[in-house]
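Please read the structure below before turning to the comments.
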Amino acid sequence: PGRFERELSPSSPAAASKHLQEFIVDNGTLRAATPGLRQLRSKHLGDRLQSVLVAWGSAVHGVDEGDGWVRLDNGMYMPLHIDGIPVLTPQRRQAAYRPA
């Protein structure tokens, strides 16, 4: 695994929800000098889609997989944490999960 893959902080599997949830792409703590966070084709930080950048402060919708990753409603993935720092902040409201 790459440097970032080892440093991802998994969320508790017990906390994983099978509900579609809104997450805010949050740069408040990480303070990355980038315009946003990329969606990934898999649960590997190096597996980026160059054309899909989500701006900091934007909302995304997905399901917490319980392993530190969120599967987005479009089938892509985003990490909950990078280097132990949260980058997706879950919002309280949840919607019923409907598989594609």
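Read the figures in this text as sums done on the coordinates, not as results from a lab. Please read all numbers here as calculations on a predicted model, not as lab measurements. Neighbour counts run over all protein chains shown; Cβ positions are idealised from the backbone, glycine included.
Sticking with the crude label model, points 7 Å out along Cα→Cβ, report the distance from Asp67 to Lys43 in nm, one decimal please.
0.2
Treat each spin label as a single point 7 Å out from the Cα along the C-beta direction, and report the Ala55 to Ile85 distance in nm.
That separation, rounded to one decimal, is 2.1 nm.
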